[in-house]
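Okay, structure first, notes after.
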Amino acid sequence: MKKRDLLSLTDLSRREIDALLKRSMAIKKRWKKGHADYPLAGMSLGLVFDKPSTRTRVSFEVAMIQLGGHPIYLDPGTTQIKRGEPIADSARVLSRYLDGVVIRTFEQATVEEWARWSSAPVINGLTDLLHPCQVFCDLLTIVEKLGGYKGMKVAYVGDGNNMANTWIQAASLLDFPLSLACPEGYQPNPKILAQARQHSKGRTEMIPDPYQAVEGADVVYTDVWASMGQEKESKERKKRFKGFQVNSELLSKARKGALVMHCLPAHAGEEISAEVLEGPQSVVFDQAENRLHGQKAILEWLLKDIHR
């Protein structure tokens with residue numbers, strides 16, 4: 001079977017997302033009951049990370065172990081990659097050893113180059129442009145909590161970063177309304193936004209006022225104001241993002257009982273108040289847990305299929 005990669009949420013169809021969500025819930029249910037399956041026994045997964053990681057690294061490593069496989073963490077600084085070995089060479093060699101590779105890096109072009117040369121499936125573990133595994137697993141949490149995504153409204157408040165870009169793709173693929181409130185100069189990728197609007201007929205809206213954006217929302221989502229690599233901009237961003245904090249006043253404009261989501265790590269007191277982060281509507285730690293179970297389904301789908 002021809003190999004598949006997961007570089008962007010748009011690499012999946014709506015039907016495939018639904019099937020993977022269903023499979024994720026089944027895997028999680030069996031695991032919680034103490035039933036273990038080892039569909040990836042004898043397989044190995046490489047993790048090539050240019051950026052620091054907690055949830056992505058640990059969830060993929062544990063997922064692979066619990067599926068019976070073996071993860072191998074590859075720090076580029078301790079490999080020939082640091083010495084300038086071309087991606088084309090690294091990818092062709094590593095994919096002869098490994099059954100799959102997770103890449104966490106800066107440029108989207110880098111993960112695309114890995115996929116071009118690798119004979120094994122390549123998974124985007126985060127780039128500056130997109131974070132598909134995070135949003136897929138967030139959808140898993142939403143389906144668990146709300147019973148489904150059909151008809152829900154998601155409001156994203158904050159930086160128009162890789163999370164915002166991927167939520168735009170999700171809304172376009174799954175046809176639910178999405179409103180984004182981002183400060184001027186910090187909007188999502190214009191190409192991704194234009195593609196989504198063309199596909200989903202205006203279901204994605206940019207709304208400058210965060211209070212208006214969250215009105216009637218079933219899910220209120222935020223992320224840090226300064227992501228990895230933007231630390232020097234932190235002081236300026238705090239000024240520019242003033243008024244975009246997800247706090248109890250803002251949350252009161254959303255639908256009663258709306259879910260509060262954050263991909264973590266969170267800076268309580270900046271993009272989200274401590275009261276809301278630790279409040280009854282917050283599901284951020286359920287999100288974090290679901291990285292494990294959702295990615296199990298992704299790994300099983302990509303790695304098993306290539307050997308069928």
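A few points about this structure:
- For segment 84-112, filtering for residues that are of a type in the set (D, E), free of Cβ contacts under 8 Å to residues at least 60 places away in the same chain and assigned to a loop (DSSP other than H, G, I, E, B) leaves 2.
- For I81: the one exception among (1) in a helix (DSSP H, G or I); (2) surrounded by 14 or more Cβ atoms within 10 Å (Cβ to Cβ): (1)
- Yes/no for A196 being closer than 30 Å to K28 by Cβ, under 22 Å from the mean Cα position of the chain (by Cα), surrounded by fewer than 22 Cβ atoms within 10 Å (Cβ to Cβ) and of a type outside the set (S, T, Y): no
- Test: residue in segment 152-163 that is more than 20 Å from D11 (Cα to Cα), surrounded by fewer than 24 Cβ atoms within 10 Å (Cβ to Cβ) and in contact with an Asp or Glu (Cβ under 9 Å, 6 or more places away or on another chain): yes
- Filter result for the condition that a residue is within 22 Å of the chain's Cα centre (by Cα) and either in a loop (DSSP other than H, G, I, E, B) or free of Cβ contacts under 8 Å to residues at least 24 places away in the same chain (or both), over A288, A266: A266
- Scan segment 122-150 for residues that are at pLDDT 95 or above and part of a loop (DSSP other than H, G, I, E, B) and the total you get is 8.
- If you go through segment 17-53 and pick out every residue that is without any contact (Cβ under 8 Å) to a residue 24 or more places away in the chain and of a type in the set (D, E, K, R), you end up with 6.
- Verdict on S282 being under 11 Å from V220 (Cβ atoms), buried (at least 18 other Cβ atoms within 10 Å of the Cβ) and of a type in the set (G, A, S): yes
The values are calculated or read from the model by the stated rules, or taken from the named source; none is laboratory data. Please read these numbers as outputs of a predicted model, since none were measured by experiment. So basically every Cβ, Gly included, is an ideal-geometry build from the backbone, and we count neighbours across all protein chains shown.
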